Amino acid sequence: MQREERKVKELVIISGKGGTGKTTVAASFAALAENAVIADCDVDASDLHLILHPVIRISNQFFCGHSAEIRKSDCIRCGACLAYCRFDAVKMEHDAYGGNEFSIETSSCEGCGACARFCTVKAIDLNERYCGEWFVSDTRFGPMVHAVLGPGAENSGKLVNLVRVNARKTAGEKGKSLIITDGPPGIGCPVISSVTGADAVLVVAEPTLSGIHDLGRITELARHFRIRTFVCVNKSDINMEMTGRIEKTTIESGAVFAGGIPYDSEVNRAHDEGVSVIEHGKGGSIVRIREIWNYVSRNI
């Protein structure tokens, strides 16, 4: 099994910011690939499922960190928890008899355990914190591993890693040779968790000044981890001068410029229908997306 897993290649599609068309490209690549597992690692704001319509086969809860809870039946209302909490998570209220009653606000609790440590009667429990769910599903293009992080939940990098581990496991079980990953935007912890150990990344940029700036940050991150980097420009024809600058910047950074995708109103129509632009079968962007896919898939 380990020998088979080493043969699986992973392409992560990322961007310096949200809204560049990263998921559009990922869904199109999923439609074009013949032997792939799809992974959605944009767990904070996942939307690949809106195009691929996964049918869930396996569902698992994701727990990470801890939150404190006071057992009121054992609490003697000494106030030690309030005194030692540095995150204002412990709340004090007056009860019907004029005494004080303490509770812990889960959304403010950092799970540090100070309240439990200094509780004089050990009436505080540290419980695992429910942070979301992850899934293994079937789609019309093959298996998909994806997840959703709960509102306000943290540790998205850990959930991203969980998605990637199970995508590789699924690829080994199903005999797939490629993992296509829709990664999160930016350069933070979830992105680092998405690209570490990947075979290649495709950065989807936009032809604007901020796009050039974002591209510089994300290519520097990929270079730090020594990952083969490809770059494509979405809506490349709306500012050809900027597209040219991005191509030049890409080459100077040591990355590979894979091409541009022209603006195409049919992409929005495809998404309205809940399909990828490749399946939609209309629009001038299809040829360029195919060319970029063929080039990148051959050179991973």
Among 49-56, 138-145, what's the highest-first ranking by average C-beta atoms within 10 angstrom per residue?
138-145, 49-56
Relative contact order of the chain, defined on C-alpha pairs under 8 angstrom at six or more residues apart (%)
26 percent
Can you compute the helix-only [θ] at 222 nm over the chain? Use -39500 (n - 2.57) per DSSP H run of at least 4 residues, normalise by all residues, nearest 500 deg cm²/dmol.
-10500 deg cm²/dmol
Specify the residue with the greatest mean-square fluctuation among ALA31, ALA255, ALA83, computed from a Gaussian network of the chain linking alpha-carbon atoms under 10 Å apart.
ALA83
For LYS91, which lysines qualify as cross-link partners when the Cα separation must be under 16 Å and same-chain residues fewer than eight apart are set aside?
LYS72
Determine the principal axes of the Cα atoms in the chain, then give the extent along each, sorted from largest to smallest and rounded to whole angstroms.
74, 43, 38
With a/c under 1.5 counting as rounded, go ahead and sort the stretch 72-122 into rounded, prolate or oblate using the C-alpha gyration tensor (a ≥ b ≥ c being the square roots of the eigenvalues; past the cut-off, prolate if a/b is larger than b/c, else oblate).
oblate
Can you pull the semi-axes for the stretch 1-68, root of five times each eigenvalue of the Cα gyration tensor, sorted largest first, whole Å?
23, 20, 14
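If packing is taken as the average number of other Cβ atoms within 10 Å across a peptide's residues, how do 38-47, 65-74 rank, most packed first?
On the way: 38-47: 23.4, 65-74: 15.5.
Peptide ranking by packing, descending: 38-47, 65-74.
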Sort the stretch 39-144 into rounded, prolate or oblate with this rule: let a ≥ b ≥ c be the square roots of the eigenvalues of the Cα gyration tensor; rounded if a/c is under 1.5, and if a/c is not under 1.5, prolate when a/b is larger than b/c, oblate otherwise.
prolate
Please go through the stretch 3-60 and write out the GluC sites (Glu not before Pro) that DSSP classes as loop and that have at most 12 other C-beta atoms within 10 Å.
GLU34
FRET E, pair GLU273, ASN127, Förster distance 45 Å, beta-carbon r, rounded to 0.05
0.55
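Of the listed peptides 165-178, 229-242, what is their order by residue-averaged count of other C-beta atoms within 10 Å, with the highest listed first? All intermediate terms of the calculation are to be shown ahead of the outcome.
Details: 165-178: 18.2, 229-242: 20.3.
Taking the mean over residues of other Cβ atoms within 10 Å, the ranking is 229-242, 165-178.
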Proximal charge balance of ASP264 [Cβ under 10 Å; K/R count +1, D/E count -1]:
+2
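Every read-out reported here was derived from the displayed coordinates using simple, explicitly stated rules and does not represent laboratory data. None of the values given here were measured: they were computed from a predicted structure. Please note: Cβ atoms are built from the backbone with ideal geometry, for glycine as well, and neighbour counts cover all protein chains shown.
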